[in-house]
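The values are calculated or read from the model by the stated rules, or taken from the named source; none is laboratory data. Small disclaimer: the values here were computed from a predicted structure and weren't measured. Positions of Cβ are backbone-derived with ideal geometry, glycine not excepted, and every protein chain shown enters the neighbour counts.
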Amino acid sequence: MILIKNALNLDGFRTSILIEGNKILKVQSDVAQELSPQATIIDASNMLAISGFFNAHTHAAMTIFRGYQDDLALQDWLNKIFKLEAAYVDETMVYWCSKLACLEMVSCGTTGFMDMYFFEDQVAKSALDVGLRVVIGEGLLSFQTPFCADFKEGLKKTFDLKEKYKDHPKAKVSFAPHSLYTVEKNDLELLSNTIDKNDFVQIHLAENLTEVNTVLSKFGQPPTFVLEEFGLLNSNTYLAHCVHLTDDEIELIQKRNAHVIHNPQSNMKLSSGISSVCKMIQKGVDVCLGTDGCASNNNLDMIEELRSAALLQKLFNPSYMNAKLAVRIAQNFGGFFDVALSEGKLADVVLIDLDAIEAIPLYNPASFLAYAANSKSVDTVIIDGKIIYKNKEFVDVDVQEVKFNVKKIAKKIGSL
Ligand SMILES: [Zn+2]
């Protein structure tokens, strides 16, 4: 049992949180200590307690390419990255580089993430070793990848992963066709005929105009309608980026209850454009937030990401993407895990230091979190009822070992 005493919540009220096992047992203004004599007590009187962030779109192992290739648009950047991946991605690299990503994510208050890459079993292993929740997705492309000879093999391996993690409480498996410009029609058909409506699908969609034009000439219709035609648009579909959608596409996404993942920093860095997420939210589309991979961001900081999300929309409207909404999309687990800061929910709790210089003075906790906080303010991270990070340090992970192994791999690529 863990008793977090006297924390401030996002609404500005004092609250105490009692955690039993992996769930939140009580959230109230005060929980009597006699109720929980065995509990580990955390005095949070100088802390803000929030529910953990979910990084809904990333490629964790790409920490290895952080800063290797900047300042290019998506297609030019991808051409460079695909070559690097063919040369350097293997099982060992994916484990250590994903583990580094997991450490970075936890230290920024993230308690779960959805990943698309190669050797995804290693991504799951690294996430579970650190303690994070994870949704993995073996990248499916219509050409050879570091992991698979072709799409069909990737599909088979995804089914193997699905079997392996079928009852896992903290790991789930999705099907991850990379995009409509890297997957051919016959492979989309194969995917559509092989999976069922309960299977999760994640895909990059309408990320930039070049992609949309490629899809239009290849399939004869806009990206969302292609997914609809192949029966791949439903409440278990997760669409990353969605920068260039027509109003009809937004309406269709809403009708099918598919989820959109907003990636503002990556969209800016790759010169892709600004997504109309406010319009989507107003129309009832479920929107999550993600950092994308480290090679196009170049960090995995969800506090920074939610600030970018809020600030970027102010180019259109100063009020709609307010601090609370930006925090809310960063905490949206997209239905994968029942995480929230309320009784009976899974216990992913993050404590943010209110003694930090940038937290003073404090009028509005959500404003602080969205516009002034940074990941250095994250003090404690509890995932699934377990303290993973405390007093800004990992409780049970050999951080030096992770750094050593990633540096060793990066040396081969030419790191300094
Ligand atoms: Zn991506």
**Q.** Which listed residue, of CYS148, CYS108, CYS102, is at pLDDT below 95 and either outside the structural domain of ILE64 (by TED's automatic domain parsing) or buried (at least 20 other Cβ atoms within 10 Å of the Cβ) (or both)
**A.** CYS148
**Q.** Condition broken by ASP30, with the remaining ones in (1) touching a residue at least 24 places away in the same chain (Cβ under 8 Å); (2) surrounded by 15 or more Cβ atoms within 10 Å (Cβ to Cβ) satisfied
**A.** (2)
**Q.** Qualifying position, being within 16 Å of the ligand (Cβ to nearest atom) and surrounded by fewer than 24 Cβ atoms within 10 Å (Cβ to Cβ), among LYS345, LYS269, LYS314
**A.** LYS269
Q. Is the range 219-239 home to any residue that is crowded, with 19+ Cβ neighbours inside 10 Å and closer than 21 Å to GLN69 by Cβ?
A. no
Q) Before we move on, is ALA410 part of a helix (DSSP H, G or I), of a type in the set (A, V, I, L, M, F, W, C) and more than 20 Å from ASP11 (Cβ to Cβ)? A) yes
Q) Of (1) free of Cβ contacts under 8 Å to residues at least 60 places away in the same chain; (2) within 16 Å of the chain's Cα centre (by Cα), SER126 satisfies all except one. Which? A) (1)
Q: For the range 118-125, indicate whether the set of residues that are surrounded by 23 or more Cβ atoms within 10 Å (Cβ to Cβ), within 22 Å of PHE333 (Cβ to Cβ) and among the hydrophobic types (A, V, I, L, M, F, W, C) is non-empty.
A: yes
Q | Qualifying strands (runs of 3 or more DSSP E) (wholly inside the range 1-83; at least 3 residues being under 16 Å from THR380 (Cα atoms) and within 23 Å of the chain's Cα centre (by Cα)) | A | 47-51
Q.
Let me confirm something: among LEU18, LEU10, LEU25, which residue is in the same structural domain as ALA366 (by TED's automatic domain parsing), closer than 15 Å to ALA347 by Cα, in contact (Cβ under 8 Å) with a residue 60 or more places away in the chain and not basic (Lys, Arg)?
A. LEU25
Q: Spot the failing condition for THR182; the list is (1) crowded, with 24+ Cβ neighbours inside 10 Å; (2) within 16 Å of the ligand (Cβ to nearest atom); (3) among the polar types (S, T, N, Q), and only one is missed.
A: (1)
**Q.** Residue selected from the range 49-72 under the condition more than 22 Å from GLN202 (Cα to Cα) and of a type in the set (A, V, I, L, M, F, W, C), by the criterion nearest to the ligand (Cβ to nearest atom)
**A.** PHE65
(Q) Looking at ILE388, ILE413, ILE360, can you tell me which residue is of a type outside the set (Phe, Trp, Tyr) and surrounded by 14 or more Cβ atoms within 10 Å (Cβ to Cβ)? (A) ILE388
Q | Filtered residues of the range 280-333 (kept if without any contact (Cβ under 8 Å) to a residue 40 or more places away in the chain and touching a Cys at 6+ places or on another chain (Cβ under 6 Å)) | A | GLN313
**Q.** Single residue of the range 272-293 satisfying the filter (within 12 Å of the chain's Cα centre (by Cα) and within 12 Å of the ligand (Cβ to nearest atom)) that is farthest from TYR371 (Cα to Cα)
**A.** GLY293
